[in-house]
Amino acid sequence: MRRLAGASLAALLTAGAAPALELSAAERAAFRAELRAYLLEHPEVIEDALAAAEERRYATAARSDLDRIAAEAETLFHDPADWTGGDPQGDVTLVTFVDYACAACGPALAAARALAARDGRLRLVVKDAPGPGADARRAARFARAVLAVGGADTYARAQEALFAVSDLSQATLDAIARDLGLSPAALSTRLEAPDIAAALSANRALMDRLHLGAPPAHVLERTLIRGALPERALAAIAAAMRRKN
């Protein structure tokens, strides 16, 4: 019925379009009145047109996302400065952007880590991408310093500790460092290194180029995820990636 209504509207428009220049003012007014009456009688035609337009917008946005991922693939999936976990040779890579001052980022990262542990074939990449706030940037520099000084496992523990506290002051970071068996003084020196600041700025710029917005966000080979998702949803997307490989 909707296809028929759409076809009827198309025929009506086509019939009126060809001789449009020859219509008198009265004829044009009559045509507009007839068209209006038709649309009032068949509002589903407008709904179908809007749905089709939305589908076209979605398809265009999806193609743009794929192009952005392809353009940034090397930096996204293979930056040696990033923490990498799960299966190093995994058939699907999940990249997760986090900010330690973000309430949703802790659960988002926990879901990604849980999936990597349960899946067994997933490669997980974590990118620190702090916002402009002083606490966020301090915590991100601290995390990257822990990665440089203490290694991958200690970095993962530091992330858990950072997301477990609401206060990201220097005193809190020093206490976390001691709990991790690291020297706050040694970390203080390392976190001011130019390469750490450059890496954090690069990650945030990468998010901007991908149009991801603020953390949390996830990226797979053919999918941008703006916001947090539970483990089950991430697992479904990873499974879909595998079916397409």
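Only one of Leu212, Leu191 is closer than 16 Å to Arg144 by Cα and touching a Lys or Arg at 6+ places or on another chain (Cβ under 6 Å). Can you tell me which?
From the options Leu212, Leu191, the qualifying one is Leu191.
In the range 155-166, how many residues are more than 22 Å from Gly85 (Cα to Cα) and either in contact with an Asp or Glu (Cβ under 8 Å, 6 or more places away or on another chain) or modelled with pLDDT of 95 or more (or both)?
Within the range 155-166, residues that are more than 22 Å from Gly85 (Cα to Cα) and either in contact with an Asp or Glu (Cβ under 8 Å, 6 or more places away or on another chain) or modelled with pLDDT of 95 or more (or both) number 1.
Checking Ala164 against (1) touching a helix residue (DSSP H, G or I) at 6+ places or on another chain (Cβ under 7 Å); (2) in contact (Cβ under 8 Å) with a residue 12 or more places away in the chain; (3) surrounded by fewer than 13 Cβ atoms within 10 Å (Cβ to Cβ): exactly one of these is not met. Which one?
Answer for Ala164: the failing condition is (1).
Looking at (1) in a helix (DSSP H, G or I); (2) touching a Gly at 6+ places or on another chain (Cβ under 6 Å), which one does Ala186 not meet, given that it meets all the others?
All conditions pass for Ala186, except number (2).
Given the conditions (1) without any contact (Cβ under 8 Å) to a residue 40 or more places away in the chain; (2) within 14 Å of Val146 (Cα to Cα), report the number of the one that Ser201 does not fulfil.
(2)
Which residue out of Thr189, Thr172 is β-branched (Val, Ile, Thr), more than 26 Å from Ala116 (Cα to Cα) and surrounded by 15 or more Cβ atoms within 10 Å (Cβ to Cβ)?
Thr172
To keep it simple, each residue is scored yes or no on (1) crowded, with 18+ Cβ neighbours inside 10 Å; (2) modelled with pLDDT under 95; (3) β-branched (Val, Ile, Thr); (4) farther than 25 Å from Arg121 by Cβ.
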position: Ala198; (1), (2), (3), (4): no, no, no, yes
position: Asp208; (1), (2), (3), (4): no, no, no, yes
position: Thr223; (1), (2), (3), (4): no, yes, yes, no
position: Arg243; (1), (2), (3), (4): no, yes, no, no
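Identify, by number, the condition in (1) within 25 Å of Leu229 (Cβ to Cβ); (2) of a type in the set (S, T, N, Q); (3) surrounded by fewer than 15 Cβ atoms within 10 Å (Cβ to Cβ) that Gln159 doesn't meet.
With respect to (1) within 25 Å of Leu229 (Cβ to Cβ); (2) of a type in the set (S, T, N, Q); (3) surrounded by fewer than 15 Cβ atoms within 10 Å (Cβ to Cβ), Gln159 is out only on (3).
Considering only residues that are part of a loop (DSSP other than H, G, I, E, B) and hydrophobic (A, V, I, L, M, F, W, C), which ones fall in the range 189-241?
Answer for the range 189-241, where residues must be part of a loop (DSSP other than H, G, I, E, B) and hydrophobic (A, V, I, L, M, F, W, C): Ala193, Leu210, Leu212, Ala214, Ala228, Leu229.
The values are calculated or read from the model by the stated rules, or taken from the named source; none is laboratory data. Here the structure is a predicted model, which is why all the values come from computation and not from measurement. Positions of Cβ are generated from backbone atoms using ideal geometry, with glycine treated the same way; all protein chains shown enter the neighbour counts.
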